[in-house]
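Here is the structure we will look at, set down as structure tokens.
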Amino acid sequence: MTAADPLDARGLYVSIGGMPILRDVSIHVDSGEAVALLGGNGSGKSTLVKTLLGLLPYQKGTVELFGEHLPGFKDWWRVGYVPQHSAISVANATVREIAASGRLAHRRPFQWLGRKDKVALDEALELVGLQDRMKWPFGSLSGGQKQRALIARALSSHPDLLVMDEPLAGVDLHSQAGLAQLLGQLRDDGLALLVVLHERGYMNPVLSRSVTLCDGRIVDDEHPSAMDCAPDMEPASAFGVVDPISGVLA
């Protein structure tokens, strides 16, 4: 791992309210690499992401972003964050206004968008396929379109690392495939990706490797408990639901 690489966290211990959440967690992401952070509910994925983004303190260990230690890192425009669309409650904001908020790191508060900002917005919206819907209210979009709008917001700052919290959650199967294709294109263009997932699913061809959290610890994908923490997606039926008898007759 070189000092210029996007993310290097080592030996993280995090406690909240005296309760240990993360125990000796290490994770790194290289440039042009797509890394999945897998694990079931309560495994510590959200806590780890918030810690890596400087939103939660850690009691032991180190976090470096592009060679700079937290909390001293200041070039936050280099890190794009994509939350789950269900966590955003701005129904009346337009798609363009959502995407424009990603440019805040490049300009002063309450300052009008400049030419560079507008170019960056147009490029990001075109890349995610929402340029024809830039004036639509965010609340009127489908789950997949909302997720694309949030990706556009992150991309508008021209980041070098994209951190996504379950981007396929609440998104129909067709949109999941489209989002996976988009993220694969971003990876091929050199963007580093850290993607929180419950299962690999449609993202499997995009991923360079995966890291599995179980009860606040990193476990090897071959570890017996890894399947309980991050099971692979079961085959889906034509109606987009899990087939309960898949494999029984095989």
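The values are calculated or read from the model by the stated rules, or taken from the named source; none is laboratory data. Keep in mind the model is a prediction, meaning the values are calculated, not measured. Heads up, the Cβs are rebuilt from the backbone with ideal geometry, glycines too, and the neighbour counts pull from every protein chain shown. All accessible areas refer to the heavy atoms of the entire protein, side chains included, with ligands and DNA or RNA removed. Shrake-Rupley method; radii C 1.70, N 1.55, O 1.52, S 1.80 Å.
In straight-distance terms, cross-link reach from Lys50 covers every one of the lysines whose alpha-carbon lies under 25 Å from its own, apart from those fewer than eight places away in the same chain; here that gives Lys60, Lys74, Lys146. Among the trypsin sites (Lys or Arg not before Pro) in region 20-91, those placed in a DSSP loop whose Cβ has at most 15 other Cβ atoms within 10 Å are Lys74. Expressed as a whole percent, the proportion of Cα-Cα pairs in region 32-155 lying more than 23 Å apart is 42%. Here region 62-86 is scanned for amide nitrogen atoms under 14 Å from the site 7 Å beyond the Cα of Lys50 along Cα-to-Cβ, giving 84. Amide H contacts for Thr212 (H built 1.01 Å from N in the peptide plane; partners 5 or more residues away or on another chain; cut-off under 5 Å): Leu38, Val219. Heavy-atom surface analysis with a 1.4 Å probe gives region 157-226 a carbon and sulfur content of 46 percent of its accessible area. With the cut-off at 1.5 for a/c, could you classify region 1-45 from its C-alpha gyration tensor as rounded, prolate or oblate? Note, shape of region 1-45 comes out oblate. Averaged over its residues, region 7-61 has an accessible area of 43 Å² per residue, based on protein heavy atoms and a 1.4 Å probe. Remark: accessible surface ordering of Thr51, Thr62 (largest first) is Thr62, Thr51, probe radius 1.4 Å. For region 1-83, the square roots a ≥ b ≥ c of the C-alpha gyration tensor eigenvalues yield an a/c of 1.5 or more together with a/b exceeding b/c, which makes the shape prolate.
Charged neighbours of Pro137, selected by a Cβ distance under 14 Å, balance to +3 (K, R count +1; D, E count -1).
Maximal additional length on extending the Leu104-Ser142 stretch stands at 11.1 nm, based on 0.36 nm per residue less the C-alpha distance. Put Asp24, Asp117 in order of accessible area, highest first, and with a 1.4 Å probe you get Asp24, Asp117. If the segment from Ser208 to Asp30 were pulled out straight at 0.36 nm per residue, it would be longer than the present Cα-Cα gap by 63.1 nm. Given their separation in residues at 0.36 nm each and the Cα-Cα distance between them, Gln131 and Asn41 gain 28.9 nm when the chain is fully extended.
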